[in-house]
Amino acid sequence: MRKGDPADLDWTAEEMRQLGHEVLERCVQHLASLREQPSRGDVGDTHAIASARHALPSDGVPLTPLLDRLFEEWIPKSFTTPGPGYFAYVPGGGLFPSALASLISETTNRFVGVWQAAPALAELEGTVLDWIRDWMQFPTSARGLLTPGSSISTLIAITAAREKLLGTEIRRGVAYVSRQTHHCVMKSARLAGIANDRVRVLPVDSQFRMCVDSLREAVRADRAKGLVPFLVISTAGSVNVGAVDDLDAVADAATELGLWHHIDAAYGGFFHVVPALRPLLSGLPRADSIALDPHKGLFLPYGTGALLVRDGGDLRAVHAADADYLPETPDSDYYDIASYGPELSRPFRGLRLWLPLMLAGSDRLRSAIAEKRELALVAHEAVRSLPHVRVLLPPCLSLFAFRVERPGCSEEENDATTRALVEGTTRRGRVMISGCGEGGRSWGRVCVLSFRSRRAEVDMLIEDLTATLSEL
Ligand SMILES: *Cc1c(COP(=O)(O)O)cnc(C)c1O
């Protein structure tokens, strides 16, 4: 930026090299030291929170002290989500080449919203979606969209189903979910105009799968009241206990009842990339739409979600629009992103997937996903043999919940011990796990899905759980 020119916001080539070099060095140092960082930083540091609130200085400041504050003061005060010991919630890790892809796409800053402005780049995003479509064994008539995450994918799917099956009769429409359904589904339904009094929460069976008989009964009862059942949402990997609905049975019922079947596969969908694991998600390819989170099962950084809709025309029907100032929408099969989603100006998300996946290749990707399932089975075997520990459900994919049940202790005491086990294990600093509530009781849960979590970290998890339990 030229000193004497007060309106100049540009950087010289040499300055950009300098800034880039410094940032890259910090990022690489950060990743190279992940193993030494505590699995959960001090998120209760109110000083750090307060210091993040400040005014914009009238004069620009140098980069180095800003990076110091970020990397030393603010970033460490957080869950170490990219760390190898992160088994909490649903990890992903964040493949480094995605960050480089973001640098490229945000540096070149091409407009990918409409096809004409960057046709090859829009096509590249379409190509990535074709890979995902093929992994999910969806037909070539399907179209997809890269979104910021599954919450948004779900909102778009519900809107497409509503538009197709309800038209202007929105208020009479009814959607069906189960007790295991993620809370973002209720939120998305509301955003899509399906008020929560029109969402039926169905019971689950002993494996935490949606009761399909209850679905049939509820649809019949709603039809008898003059309502219009239109949508059932099943889950391929619930976030609480890791359950996978009987997707084939839900698909059968949806066909018979004339419902749109959407699958929330945010956590579990990418296990379908591994042919040997496809039976775990049997029925997935029969959905009308699938929400997926590449920022979970494809190990990408947060903000990378995906949606597939079986009949691409249904997605286009809610999004295609004309305006005098837009280029004419091509009627070819080129991928025109804004015709399939709500955004116009948007980041070039495709590159965040394309670059890391191209560098890794499909074989390595499949091996990594398969390994996470294997490691979850190892962790499950060890945890279920800990004294007085009960596992709720063996991992359907790579997640399981467990709880301490000591004889002679009340349920409340066992709840407290379970919570102390989760907290004490995390506090040791090598691994982080989270808890959940199920059946009115407290459970700990382990989800193995970060690409950085290997056998060594699973061993640490088992060691730290064992040691913590023995001290309680
Ligand atoms: C993560 C998750 C969601 C929400 O997805 P976001 O990408 O966080 O918006 C929904 N359902 C399930 C099962 C999930 O694991």
**Report entry** Qualifying positions in region 266-290 - more than 17 Å from LEU399 (Cβ to Cβ) and under 9 Å from the mean Cα position of the chain (by Cα)
**Finding:** none
Requested in this report: Filter region 430-463 down to residues that are out of contact with any helix residue (DSSP H, G or I) (no Cβ under 7 Å at 6 or more places or on another chain), within 16 Å of PRO395 (Cα to Cα) and hydrophobic (A, V, I, L, M, F, W, C), then give me how many there are.
Outcome: 2
Report task. Return only the number of the condition from (1) closer than 30 Å to SER98 by Cα; (2) in contact with a strand residue (DSSP E or B) (Cβ under 9 Å, 6 or more places away or on another chain) that VAL391 does not satisfy. Result -> (1)
Query raised in the report: Is it true that some residue in region 77-99 is more than 16 Å from the ligand (Cβ to nearest atom), of a type in the set (A, V, I, L, M) and part of a loop (DSSP other than H, G, I, E, B)?
Result: yes
Query - Wholly enclosed helices (runs of 4 or more DSSP H) of region 113-227 bearing at least 3 residues more than 16 Å from the ligand (Cβ to nearest atom) and either among the aliphatic types (A, V, I, L, M) or touching a residue at least 24 places away in the same chain (Cβ under 8 Å) (or both) - result: 119-135, 150-165, 212-224
Query raised in the report: Do you know which residues across region 346-394 are assigned to a strand (DSSP E or B) and among the hydrophobic types (A, V, I, L, M, F, W, C)?
Result: VAL389, VAL391
Query raised in the report: Restricting attention to region 217-262, and to residues there that are polar (S, T, N, Q) and surrounded by fewer than 24 Cβ atoms within 10 Å (Cβ to Cβ), which single residue is farthest from ILE170 (Cα to Cα)?
Result: ASN240
Report task. Please work out which one of (1) over 28 Å from LEU231 (Cβ atoms); (2) away from the ligand (no atom under 16 Å from the Cβ) is the condition PRO347 fails and give its number. Result -> (2)
Report summary line: In the set GLY269, GLY303, the lone residue that is within 24 Å of PRO97 (Cα to Cα) and open to solvent by less than 10 Å² (accessible area, probe 1.4 Å) is GLY269
Report task. Can you give me the number of residues within region 143-154 that are open to solvent by 10 Å² or more (accessible area, probe 1.4 Å) and under 17 Å from ALA320 (Cα atoms)? Result -> 1
Report task. Give region 439-472 a look and list any residue that's of a type in the set (D, E, K, R), outside any helix (DSSP H, G or I) and open to solvent by 20 Å² or more (accessible area, probe 1.4 Å), or say none. Result -> ARG441, ARG452, ARG454
Query raised in the report: From the list ALA317, ALA287, ALA323, which residue is within 16 Å of ALA142 (Cβ to Cβ), of a type in the set (A, V, I, L, M) and surrounded by fewer than 18 Cβ atoms within 10 Å (Cβ to Cβ)?
Result: ALA317
Requested in this report: Could you tell me which of the residues GLU125, GLU72, GLU106 is open to solvent by less than 60 Å² (accessible area, probe 1.4 Å) and acidic (Asp, Glu)?
Outcome: GLU125
Query raised in the report: So TYR325 clears everything in (1) aromatic (Phe, Trp, Tyr); (2) within 14 Å of the ligand (Cβ to nearest atom); (3) in a loop (DSSP other than H, G, I, E, B) except one condition, right? Which one?
Result: (2)
Report summary line: Here the residues within region 162-216 that are under 20 Å from SER151 (Cβ atoms), open to solvent by 10 Å² or more (accessible area, probe 1.4 Å) and among the β-branched types (Val, Ile, Thr) are THR181, VAL199, VAL201
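The values are calculated or read from the model by the stated rules, or taken from the named source; none is laboratory data. Quick caveat, the model's predicted, so the values are computed rather than measured. A quick note on method: Cβ atoms are made from the backbone with ideal geometry, for glycine too, and the neighbour counts reach across all protein chains shown. When the accessible area is computed, the model is the full protein with side chains, heavy atoms only, and any ligands, DNA or RNA have been set aside. Shrake-Rupley method; radii C 1.70, N 1.55, O 1.52, S 1.80 Å.
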